């Protein structure tokens, strides 16, 4: 298979609305307990976008650049193997040009600092992202001001933003199933997905915004390769 | 000579440039009474520190060559290998690391863990060298040893624990608190030679207790006895604690941190105690050699002085008395008059003069046994050679040597310099495997090749100073390569009939890309279409074409040639005819095989204050760089990028000027990658111009 075909058969296409997983200006979250696969999920959102020609800024709080590079390399290789991709190395080299990783110490991170960095390299024409991934942000204790800042950033820069968030077993849920720490932030999000380990891999359920489809197109993560499948 | 191998320490002192490593070494030699006066690297007295034996190093304040020096402390024999601090000399660093049992990682308490420290640390990890850290320059303003300890943990992944804490800081820095012995140590006397041991001031007792608790807790993982003592709330003896820390250090699970200021003569003696108490001796380390009689299967060497000799030549130096070869003995005892074999050449030789080095002075010795480092006189060998007893046939693992990525032409200005130049080149290529030289057949120029701009610059300087060779250099050239991207067939007949014996040969087959090898030749001819005696001539013909690609005149790599048909003539065919036919065939197929140019891509890591992050990224971006990422660390920021070497000339100057001198960068070879179309066209135009100029 050649790489362009990969995007047309990607499971993400089942849950898209108007040809986009998340429109520019949109804000979405992936929630799960620690260690289930949030990073694997958002990295695949990024890889899918990169293949389709979008520029991705991956912001990680706490992890090193090397570790994130590994995540990308590993998941792309699994994907290439799974679909028998031709000349995957060349393709990978090309699409890598559309990725930019930034890491921050958790304490030093704030949305205004990030916005300053973005305007810095957009201004200099170094990199102009259309998708922003923020991995490792803390949403405990109802961070609704932070969610508002994120939504504003998405709209002012025409970015689609994906964030990851930790949920805890003891969290209570609202009627939609949104865990208590996110309830006050939820209105700012256009979509919220949750990952849950189950018998047939890790199930992806929609708590808000998205429709994850009928039973035969329902998304799940294969626990062996961490690839998103339906 | 005493021979208690458990009281031997072969250590390296490795660090970022300017963190004060050479000063520290100098102080260590002073306290061990090897030298009787102290000098500083950029000393006003013009003598310079003892370890920097080369004039050039003195001038630039950097250490290039790794001199091995010997000293004694508290009944221990310590060999110190002074390792270079600049990234362009990493082969020197790596070769030194090979012979070390342990190392001291020197860090500046202001600058902390910088990009160069990371490179050096990674190399040490590769050779699995146990380390202790020394945080230097505590007297400088802005010193913060605990921030450096945090960086050791976060940037280098060390489990760093403080063995000491400072007594006062910056200009008020007086001495250190020893967390093992629970004493305050001050340093007095003109050269800090008197250690005054005192009780810990009550005012800082609570901090001291907290830090000691951290240390004891980290150490307890490596000793059940210690854990038990903690649980039973018993008294923890110094020996018990040190033994646990040592166990952790040897497993490379813990990095004890010492601190002080070498320049102010504070904290050096406790560091020496730490080296002897915590770092491994030769017996604590296992070394494998490769058995050449048994498909290079690894053989464990034993530091037993009675066994057959195995020794490694890790460094050559040209002294006033001829070639000096630094060796480390891994097994057996090497004595004057012993007959040894150089495993690489198979030549036997007899050990003549044997010495132990102290930078520029030497001491004659009669024998050198396993675990020791010394030097031989008058042995013809290259760096990295293994010497063994005649009955052994093992080789120390070959060290990884990268291909050179940059070259420049060098021309002597007169005939006297010509002689000096060839002497110098002969010496340098033996000393440093990454430095290569050859004569370009077409231009008759001497070309030198190496790992970076500075690498070559330093050798050119050394030619001028040490060998008095007056040389001019051409502009640096990047080592481009050509390769093919698809299969192409050839069927070429070489025919010449111009009176006398004619020439006739036909070869047919195809070229295709080969990932693994530079050149592969496969003969698939059946039925004798080309007689067997002409096959080598065909191979030679193809191989010759690789030196210079028909398109851009860069070396061609990654080509597999398969011949499967041909024709010969009973009278007119000759070796020459088939060579010519192969050359013609190659030219014919090469253009059809989609030739492309590859260029060396470097991994560039820029470390800059955050306010210059944008500027630094801009610079990398202008240079066709692909920015992989940026790591924000509060005050400083680390940018990682992949940039073509061709664009990196003069980068250090530009970077410095646009960041007020506050940013620095390291660069190492990453891989070869195809050049973009526009650049390929420029290169092609240059090649055409060169061709025209040559005609």
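Suppose we keep only residues that are assigned to a loop (DSSP other than H, G, I, E, B) and modelled with pLDDT of 85 or more within region B:371-390. Which one would you say is nearest to residue B:330 (Cα to Cα)?
So in region B:371-390, the residues assigned to a loop (DSSP other than H, G, I, E, B) come out as B:371-372, B:378-385, B:389-390.
With the extra rule that they be modelled with pLDDT of 85 or more, the set shrinks to B:371-372, B:389-390.
Numbers: B:371: 6, B:372: 8, B:389: 12, B:390: 16 Å.
If we take residues in region B:371-390 being assigned to a loop (DSSP other than H, G, I, E, B) and modelled with pLDDT of 85 or more, then B:371 is nearest to residue B:330 (Cα to Cα).
Considering (1) at pLDDT below 85; (2) touching a helix residue (DSSP H, G or I) at 6+ places or on another chain (Cβ under 9 Å), say which one residue B:242 fails and leave the rest. Against the list (1) at pLDDT below 85; (2) touching a helix residue (DSSP H, G or I) at 6+ places or on another chain (Cβ under 9 Å), residue B:242 comes up short only on (1).
Quick grid of which residues meet (1) within 14 Å of another protein chain (Cβ to nearest Cβ); (2) crowded, with 20+ Cβ neighbours inside 10 Å; (3) assigned to a helix (DSSP H, G or I):
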residue: B:537; (1), (2), (3): no, yes, yes
residue: B:564; (1), (2), (3): no, no, no
residue: B:576; (1), (2), (3): no, no, yes
residue: B:589; (1), (2), (3): no, yes, yes
residue: B:600; (1), (2), (3): no, yes, no
residue: B:603; (1), (2), (3): yes, no, no
residue: B:607; (1), (2), (3): yes, yes, no
residue: B:616; (1), (2), (3): yes, yes, yes
residue: B:620; (1), (2), (3): yes, yes, yes
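Condition check for residue B:635 on (1) farther than 20 Å from residue B:601 by Cα; (2) crowded, with 19+ Cβ neighbours inside 10 Å: one failure, at (2). When region A:26-48 is filtered for residues that are in a loop (DSSP other than H, G, I, E, B) and within 24 Å of residue A:95 (Cα to Cα), the ones remaining, listed by number, are A:26, A:37. Give the residues of region B:629-671 that are over 25 Å from residue B:110 (Cβ atoms), at pLDDT 85 or above and within 14 Å of chain A (Cβ to nearest Cβ), sorted by residue number. Listed by number, the residues that qualify are B:629, B:641, B:642, B:643, B:644.
What number of residues within region B:274-295 satisfy the criterion of being in a loop (DSSP other than H, G, I, E, B) and without any contact (Cβ under 8 Å) to a residue 60 or more places away in the chain? Count: 3. The set of residues from region B:458-473 being touching a strand residue (DSSP E or B) at 6+ places or on another chain (Cβ under 9 Å), in a helix (DSSP H, G or I) and surrounded by fewer than 19 Cβ atoms within 10 Å (Cβ to Cβ) comprises B:460, B:464, B:466.
Here the strands (runs of 3 or more DSSP E) wholly within region A:60-170 that include at least 3 residues being within 23 Å of residue A:41 (Cα to Cα) and within 14 Å of chain B (Cβ to nearest Cβ) are A:99-104, A:131-135.
Residue by residue, here is whether (1) on the phi < 0 side of the Ramachandran plot; (2) free of Cβ contacts under 8 Å to residues at least 24 places away in the same chain; (3) under 17 Å from the mean Cα position of the chain (by Cα) holds:
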| site | (1), (2), (3) |
| --- | --- |
| A:91 | yes, no, no |
| A:104 | yes, no, no |
| A:108 | yes, yes, no |
| A:121 | yes, yes, no |
| A:129 | yes, no, yes |
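Does residue B:236 count as in the same structural domain as residue B:24 (by TED's automatic domain parsing) and within 27 Å of residue B:110 (Cα to Cα)? Show your work before the answer.
Working: in the same structural domain as residue B:24 (by TED's automatic domain parsing): yes; within 27 Å of residue B:110 (Cα to Cα): no.
When the stated conditions are applied, residue B:236 does not pass them.
None of B:132, B:149 is within 17 Å of residue B:245 (Cα to Cα), assigned to a helix (DSSP H, G or I), at pLDDT 85 or above and in the same structural domain as residue B:196 (by TED's automatic domain parsing) except B:149. Can you find a residue in region A:49-59 that is free of Cβ contacts under 8 Å to residues at least 60 places away in the same chain and either surrounded by 20 or more Cβ atoms within 10 Å (Cβ to Cβ) or within 11 Å of chain B (Cβ to nearest Cβ) (or both)? Looking through region A:49-59, at least one residue is free of Cβ contacts under 8 Å to residues at least 60 places away in the same chain and either surrounded by 20 or more Cβ atoms within 10 Å (Cβ to Cβ) or within 11 Å of chain B (Cβ to nearest Cβ) (or both). Of all residues in region B:661-691, those being in contact with a strand residue (DSSP E or B) (Cβ under 9 Å, 6 or more places away or on another chain) and surrounded by 12 or more Cβ atoms within 10 Å (Cβ to Cβ) number 17.
Each row is one residue, and each column tells you yes or no for (1) more than 18 Å from residue B:248 (Cα to Cα); (2) touching a helix residue (DSSP H, G or I) at 6+ places or on another chain (Cβ under 6 Å); (3) surrounded by fewer than 18 Cβ atoms within 10 Å (Cβ to Cβ).
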| site | (1), (2), (3) |
| --- | --- |
| B:168 | yes, no, yes |
| B:173 | yes, no, no |
| B:181 | yes, yes, yes |
| B:187 | yes, no, no |
| B:198 | yes, no, yes |
| B:205 | yes, no, yes |
| B:212 | no, no, no |
| B:220 | no, yes, no |
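Residues that are part of a strand (DSSP E or B), exposed (fewer than 14 other Cβ atoms within 10 Å of the Cβ) and at pLDDT 80 or above do occur in region B:323-345, at least one of them.
The values are calculated or read from the model by the stated rules, or taken from the named source; none is laboratory data. All values reported here derive from a predicted model rather than from experimental measurement. Every residue, glycine among them, receives a Cβ derived from its backbone with ideal geometry; neighbour counts consider all protein chains shown.
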